[in-house]
Amino acid sequence: MNLNEMAQGAPAQAPTTGTTGGKTPASPEQQAQFDMLLGRARQLLGESAVEWKGAMDIDPVGAAVKFGTQTLRFLATQSEKAGQPVDPAVLLHVGVQFVKDIAGLANDAGMVPDEQLEPFLQQVMQESIAEYLRMDAEDGLMPPPGAPPGGQPPPAPGPAPGPQGLNLAQMAQQQPQPLQGGMQ
């Protein structure tokens, strides 16, 4: 499958959002941003097909993670510089679709056999997210581990758990809470 075939297939959809597990369709702005970013990512993939294929022949997972992560970071940075920051939910969905695109191309080229496609997708997604976060931390775009959002000092620790340890309610209060409007 080439990029033109992918573009002519079923249209990819922008994210759905919801805070209680329910999903609502993407806004027109989200859909437009999704379409633009995914189209540009696919264009960059096509422009670098020779280099990308060579790297995929050596290490399919490593090449997919590196190319996918660098492409999305480049596009997000360019959008921010243009005064149009990327909605994080849109970026996540573009990343998922882009990884699927890469996996489909690798599968069609015989680099990733059918029986290894699902594990390939899972591994590339996990490593790509970790790499993106690592790069954000390296660039100073994330607070240090354990720091609360907003740059506020951390709250004072609560009392030590009793001899039975933490109960479920206490553990839930200590877990980081998901962002409002995050993807399900």
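Assorted remarks:
- Semi-axis lengths, Å, the range 18-114, gyration tensor of Cα atoms, sqrt of 5 times eigenvalues: 27, 17, 10
- Phi to ³J(HN,Hα) by Karplus 6.51 cos²θ - 1.76 cosθ + 1.60 over the range 82-90, Hz, x for Gly, Pro: 7, x, 10, x, 7, 4, x, 5, 5
- Net length available on complete extension from Glu118 to Phe74 is 13.2 nm, with 0.36 nm assigned per residue and the Cα-Cα distance removed.
- Charge-dipole axis of the range 35-154 as Lys and Arg at +1 and Asp and Glu at -1 on Cβ define it, positive-most pick from Gly83, Leu117, Ser48: Gly83
- Trypsin sites (Lys or Arg not before Pro) restricted to the range 57-93 and DSSP loop, no more than 11 other C-beta within 10 Å: none
- Calculated from backbone phi, Karplus (6.51, -1.76, 1.60) coupling profile of the range 29-34 in Hz, x at Gly/Pro: 5, 4, 4, 5, 5, 4
- Extension gain (nm, one decimal) between Ala49 and Met135, 0.36 nm per residue minus Cα-Cα: 28.6 nm
Readers should treat all values here as calculations from the given coordinates under stated rules, not as data from a laboratory. Treat the numbers as computed from the prediction; the structure is a model and nothing was measured. When we count neighbours, we look across all protein chains shown, and the Cβ atoms used for this are built from the backbone with ideal geometry, even at glycine.
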